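First comes the structure, then the notes that go with it.
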Amino acid sequence: MARYALFPGCVMSTEQYGYEVSLKTVLPVLGVEIVDLEGFSCCGEPLKSINQMLTLTLSARNIAICEKEGLDILAPCPLCHLALSETKRILDNDPKMRERAASSLANEELKYRGTSKIYHIIDLLHDIIGLEAVKEKVVRPLSGLNFATHYGCHLIRPSEMGRPVDSENPQKMERILEVLGAGSAHYPEKPDCCGGPLLPVHPETSLTKTGQKLKAVQDQGFSGMSLCCPWCHKMFDSKQKKAGETVGAKLNVPVLYITQLVGLAFGIDPGKLGLELNLSPVDRILGGQEEAGA
Amino acid sequence: MSVIDLNSMAEAQAADRQEINERLQRLREEVSDHCYQCGKCTSGCEAHKLLELEPHRIVALLKKGLIDELVNSDIIWTCMSCFKCKERCPQKVAPVNILFALKNLAVASGKQIPGDFTAMLQSAMEKGLIQDVQQVNTRAGETRTREQMGLSPCSKPEDPEKFQMTIMTVAMEKV
Ligand code: SF4
Ligand code: SF4
């Protein structure tokens, strides 16, 4: 069984439990073992505006913790995935930076080696486990549903940093949805930001961005939104009501993690996918799915 | 040391200023050679319509060497770090990286850190994570903890004091 260290990051591990629960339920069905480790901190990406060296140091220590166990890393949060990938790129290529990181990490008796690879859930499902293997486990296809996909800025850009998906028109989530039996039409607002990174400084405007994208999705008649970032989910799902107020719209868009959709298509009980924690009207999806499966 | 005084950290970071300045000078040389002010970065900028951020103007001001003005302006804090400007620039300039460097310099110069960034930083330095573990709501209006969701306790730095040492060496490092 393939094993990965789960790097949970701050947002998933402190509030976005639906993502963690669903991926821990779904991945073992696909033959992947997820290992929890002690000692992690923030990846540093949310603090990049404060001090970029801090970001590098925090990411380096988190990678070092996984390397000590000899495990590759699953970072389900796109921000974490970017911070860890960028840090790895810098430390693997710049001996001076590596030396600086080494002296910081020595305080906790940690050492960066450069031996662990870093993956996102989309890599895992699409490329490593593979679409065929996912398809084999589908027992309740998500027929008749059409999702707007949202990847999260940090997963698609900057392409120079080797992101898991294409920067202008990512398609991997679309292909995953396809093997689950669901549709996913293109929409012009697809590459737009959820507004989340602005939340600490301009909360109102941040929610306006969220509301604008959700309204576009709603107006184009999608059954819901499928995503793979805990920050984006926090904006589009947890804060959907407030976001609607900022754009003067009554929003009713079911928002689900791709891992929750995979679980539903596998016929897994919604209670094991953390679906009670989605605050958007996901019952519509669950209801339709039960009919389709019946 | 359990509570970290952010002001003293800003002072300690004075040593960092020179490094960030050098980073900005390098960026300045790069943009001076490459940016031809086509405005493509601004036309796709996520913060442009709502907050009037104009990345091509940030680049132009840096080109002119107006770093102090930029560091003191609130506009640098409107960037959403969506990386579209970097992705779409035909000249491989990265306004987003210039903005990160400017914000870093503002902080290292002891300017007040805006909004919730202060709380996030404080929490990260004390507990390792930008926020505390939360009890969350269900759609039916009940509450759930990590434990109730069947999840193991949140992973955190095992020895907070040593962890703080790791971070403080960054903040106080002399380059
Ligand atoms: S897109 Fe690039 S070249 Fe054009 S104005 Fe922006 S930074 Fe300059
Ligand atoms: S990264 Fe910042 S400056 Fe660049 S396009 Fe996005 S919001 Fe605008």
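No value in this document is a laboratory result; all are computed from the given coordinates. Because the structure is predicted, anything quoted here is derived from the model rather than measured. Because the Cβ atoms are built from the backbone with ideal geometry, glycine has one as well, and the counts that use them run over all protein chains shown.
Observations
- In chain B, Cα pairs under 8 Å separated by at least six residues give a relative contact order of 29 percent.
- Taking trypsin sites (Lys or Arg not before Pro) in DSSP loop conformation with at most 15 other Cβ atoms inside 10 Å as exposed sites, chain B has its longest uninterrupted site-free stretch at B:1-63.
- Ranking of A:Ser41, B:Ser43 by count of other Cβ atoms within 10 Å, fewest first: B:Ser43, A:Ser41
- The alpha carbons of region B:4-108 occupy a box of 42, 30, 21 Å along the principal axes, longest dimension given first.
- Per-residue Cβ neighbour rank within 10 angstrom, fewest leading, B:Met165, B:Met125: B:Met165, B:Met125
- For region A:42-70 versus region A:116-158, the gap between their alpha-carbon centres in whole angstrom: 25
- Cys residues of chain A counted as unpaired, since no other Cys beta-carbon is under 4.7 Å: A:Cys10, A:Cys42, A:Cys66, A:Cys228
- The residues B:Leu61, A:Leu180, when put in order of fewest to most other Cβ atoms within 10 Å, stand as B:Leu61, A:Leu180.
- Kirkwood Rh, Cα atoms: Rg over Rh of region A:207-294: 0.98
- Legend: P(r) of region A:2-119 from all alpha carbon pair distances, 5 Å bins from 0, whole percents, reading 2, 12, 23, 25, 20, 10, 5, 3, 0.
- Value of relative contact order over region A:72-137, rounded to a whole percent, pairs C-alpha under 8 Å and six or more apart: 46
- Each principal axis of the Cα cloud of the protein assembly as shown was taken in turn, and the coordinate range along them, longest first, works out to 67, 48, 39 Å.
- Taking the DSSP bridge list for the protein assembly as shown and keeping only pairs wholly inside it, about 10 percent are antiparallel.
- By the helix-only formula, in which each DSSP H run with n ≥ 4 contributes -39500 (n - 2.57) and the sum is divided by residues, chain A has a 222 nm mean residue ellipticity of -12500 deg cm²/dmol.
- Pairs of Cα atoms in region B:115-172 fall into 10 Å distance bins, from 0 up to the last occupied one, in shares of 20, 38, 28, 11, 3 percent.
- Value of relative contact order over region A:2-119, rounded to a whole percent, pairs C-alpha under 8 Å and six or more apart: 30
- With the gyration tensor restricted to C-alpha atoms of chain B, the semi-axes of the equivalent ellipsoid amount to 35, 24, 13 Å, longest first.
- On a per residue basis, the convex hull of the C-alpha atoms belonging to region A:136-293 measures out at 108 Å³.
- Sequence-distant residues sharing a close amide H with B:Lys156 (under 5 Å, placed H): A:Gly39, A:Phe40
- Annotation for region A:225-294 versus region B:32-57: alpha-carbon center distance of 35 Å.
- Looking at region A:1-103, the GluC sites (Glu not before Pro) that sit in a DSSP loop and have at most 15 other Cβ atoms within 10 Å of their own Cβ are A:Glu38, A:Glu69.
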